[in-house]
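Colleague: Next up is a structure, given as structure tokens.
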Amino acid sequence: MAQLRGKRILVTGGAGFIGFHLCQKLSDFTPNLTIYDNLSSGTLKNVTDLAKVNFVKGDILDLTKLYSQEKADLIFHLAAQVVVPYSMENPIEDFETNARGTLNVLEKARKDDAKLVFASSAAVYGNPNQLPTSEDYGFHPFSCYGLSKVVGEEYCGMYANQYGLDVTVLRFANVYGSRCHGVIHDFLDKISKNPSKLEIIGTGMQTRDFVHVSDVTEALILAASNESANGETYNIGFGKTTAIIDLAKMMLKILNLQDKTVITTTNVSWQGDIDKIWFDITKAKKELKWNPKVSLEDNIKDIIAEGKLTK
């Protein structure tokens with residue numbers, strides 16, 4: 001990771017959940033760290049809580065502002081519209097942010113001759129019939145969000161092949177941890193409002209591969225530091241799948257509410273929801289020398305404690 005020392009690094013979406021944790025680590029390597037974020041989903045607190053970063057409030061769709069930023073040696077492209085239901089209701093906006101926005105950032109990288117690490121998603125696989133799912137499974141998006149990420153990946157491949165740009169794609173499973181929004185924090189919010197009932201959207205049998213943000217941050221830095229990762233795509237998950245109903249039961253047990261809270265399900269999920277996510281992470285382990293260290297069971301107590309809901 002010494003390769004990152006002193007580099008000029010730009011992080012789009014750096015005021016978001018993953019961006020905060022990544023920039024916290026990157027600030028140890030370089031004083032030349034810039035967060036570029038429009039704060040549509042990121043927060044100013046995630047910026048002000050970081051030392052030694054330059055913050056620019058800007059949109060990746062604003063070409064003039066994006067291209068006017070200082071020349072970068074390395075770009076982490078995390079900025080995205082990531083809400084699946086929103087993508088189904090607003091497919092044009094989703095496309096603009098995730099597809100056109102990624103193209104704009106690739107052009108910035110090409111102009112700067114910078115390496116780019118692109119944050120993609122399990123959504124590109126849709127509902128795979130190969131479990132665990134490896135990187136060579138192919139694209140089968142089930143939502144507009146997944147499709148817009150496919151387009152972003154394809155542009156990354158085009159820029160690598162046609163312009164010789166150094167690009168690495170990381171496909172994230174379900175990232176969780178401090179400052180995150182998602183099913184874990186949704187459950188905590190519901191329980192805090194009504195401890196007698198916990199409603200699960202869908203059947204509860206849908207499964208997810210939960211990977212901690214600290215492990216994701218390490219993968220991002222390894223991908224950026226490793227020249228052999230150029231032109232490659234990696235699954236970043238824990239390599240294990242957990243049913244949502246089992247997650248709910250685990251959380252209720254930790255809270256000592258297993259005999260007091262009734263779990264219900266809507267049996268109908270949102271449009272574009274995926275049934276199962278379970279990554280084969282063999283390639284990342286072998287080529288990036290990356291191994292996820294934080295299990296869901298080990299960390300869930302810390303997340304609950306942070307939410308101040310422990311009994």
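Please treat every number below as a calculation from the coordinates, not as lab data. None of the values given here were measured: they were computed from a predicted structure. Here the Cβ is made from the backbone with ideal geometry for all residues, glycine too, and neighbour counts use every protein chain on show.
Colleague: Angle between the Cα long axis of helix 144-163 and the longest principal axis of the chain, 0 to 90 degrees, nearest 10?
Modeller: 30
Colleague: For segment 1-137, give the magnitude of the charge dipole about the Cα centre (Cβ charges: +1 Lys/Arg, -1 Asp/Glu; no others), in debye to the nearest 20.
Modeller: Dipole about the Cα centre, nearest 20: 600 debye.
Colleague: Calculate, in nm to one decimal, what Ile263 and Lys25 gain on full extension: separation in residues at 0.36 nm each, minus their alpha carbon distance.
Modeller: Residue separation times 0.36 nm, minus the Cα-Cα distance, leaves 81.8 nm.
Colleague: Name the long-range amide H neighbours of Ile277: under 5 Å, sequence gap of 5 or more, or other chain; modelled H, no Pro or chain starts.
Modeller: Long-range HN contacts for Ile277: Thr207, Arg208, Asp209.
Colleague: Turning to a different aspect of this structure: Most mobile of Ile35, Ile184, Ile236 per a Gaussian network model of the chain (Cα springs, under 10 Å)?
Modeller: Ile184
Colleague: Could you pull out every residue, at least 5 positions away or on a different chain, whose amide H is within less than 5 Å of the one on Ser121? Hs are placed 1.01 Å off N in the peptide plane, and Pro or chain starts have none.
Modeller: For Ser121, the qualifying residues are Phe172.
Colleague: Please work out the ratio of the alpha-carbon Rg of segment 1-137 to 2.2 N^0.38 Å and round it to two decimals.
Modeller: Relative to the rule-of-thumb radius for its length, segment 1-137 sits at 1.09.
Colleague: Find, among the trypsin sites (Lys or Arg not before Pro) in segment 1-35, those assigned to loop by DSSP (not H, G, I, E, B) with at most 15 other beta-carbon atoms within 10 angstrom.
Modeller: Answer by residue number: Arg5.
Colleague: For segment 196-208, what does the Karplus curve 6.51 cos²θ - 1.76 cosθ + 1.60, with θ = phi - 60°, yield as ³J(HN,Hα) per residue in whole Hz, taken in order and with x for Gly and Pro?
Modeller: Once θ is set to phi - 60°, the couplings for segment 196-208 become 8, 8, 10, 9, 9, 6, x, 8, x, 8, 5, 10, 9 Hz.
Colleague: Can you give the angle from 0 to 90° between the axis of helix 244-254 and the longest principal axis of the chain, with both taken from C-alpha atoms, to the nearest 10?
Modeller: So the inclination is approximately 70 degrees.
Colleague: Using θ = phi - 60° and the Karplus curve 6.51 cos²θ - 1.76 cosθ + 1.60, what whole-Hz ³J(HN,Hα) does each residue of segment 100-117 get, with Gly and Pro shown as x?
Modeller: My calculation for segment 100-117 gives 5, x, 5, 4, 4, 5, 4, 5, 4, 5, 5, 4, 8, 6, 9, 6, 10, 10 Hz in order.
Colleague: Now for a different question. If the reach is capped at under 20 angstrom between alpha carbons, list the lysines near Lys276, excluding any in the same chain fewer than eight residues apart.
Modeller: Cross-link targets: Lys149, Lys240, Lys249.
Colleague: Within segment 289-304, list the residues whose amide N lies under 13 Å from a label point set 7 Å along Cα→Cβ of Ser225.
Modeller: Answer for this model: 289-291.
Colleague: Could you name the lysines whose alpha carbon sits less than 20 Å from that of Lys7, not counting residues in the same chain fewer than 8 places away?
Modeller: Of all the lysines, those that pass the test against Lys7 - Cα under 20 Å, at least 8 places apart if same chain - are Lys25, Lys52, Lys71, Lys108, Lys111, Lys115.
Colleague: Taking R0 as 25 Å, what FRET efficiency do you get between His140 and Met88 from their Cβ-Cβ distance, rounded to the nearest 0.05?
Modeller: Once rounded, the FRET efficiency stands at 0.90.
Colleague: Pull up all non-local amide H partners of Gly126: gap of 5 or more, or a different chain, and H-to-H distance under 5 Å with H placed in the peptide plane.
Modeller: His140, Phe142
Colleague: Taking only DSSP H segments of four or more residues, each worth -39500 (n - 2.57), what value at 222 nm results for the chain once the sum is divided by all its residues, to the nearest 500 deg cm²/dmol?
Modeller: It comes out at -10500 deg cm²/dmol, rounded to the nearest 500.
Colleague: To the nearest 0.05, what FRET efficiency results for Met250 and Glu96 with a Förster distance of 30 Å applied to their C-beta separation?
Modeller: 0.20
Colleague: Against the longest alpha carbon principal axis of the chain, how many degrees, from 0 to 90 and to the nearest 10, is the axis of helix 296-306 turned?
Modeller: With both axes taken from Cα atoms, the answer is about 90 degrees.
Colleague: Using 0.36 nm times the number of residues separating Thr64 and Asn129, minus their current alpha carbon distance, what extension gain do you get?
Modeller: 19.1 nm
Colleague: Once you place label points 7 Å from the Cα toward the Cβ at Asp273 and Met158, how far apart are they in nm?
Modeller: 3.4
Colleague: At 7 Å along the Cα-to-beta-carbon direction for both Ala243 and Ala305, put a label point, then send me their distance in nm to one decimal.
Modeller: Distance between the two pseudo-spin positions: 3.0 nm.
Colleague: Could you tell me the relative contact order of the chain? Use alpha-carbon pairs under 8 Å, at least six residues apart, and round to a whole percent.
Modeller: Here the relative contact order equals 18 percent.
Colleague: OK, next. Please compute the Kirkwood hydrodynamic radius over the chain, one decimal place, Å, based on all pairs of different Cα atoms.
Modeller: Mean inverse Cα-Cα distance, inverted, gives 19.9 Å.
Colleague: Using θ = phi - 60° and the Karplus relation 6.51 cos²θ - 1.76 cosθ + 1.60, list the HN-Hα couplings for segment 210-215 in order, rounded to whole Hz, with x at every Gly or Pro.
Modeller: 8, 10, 6, 4, 5, 6
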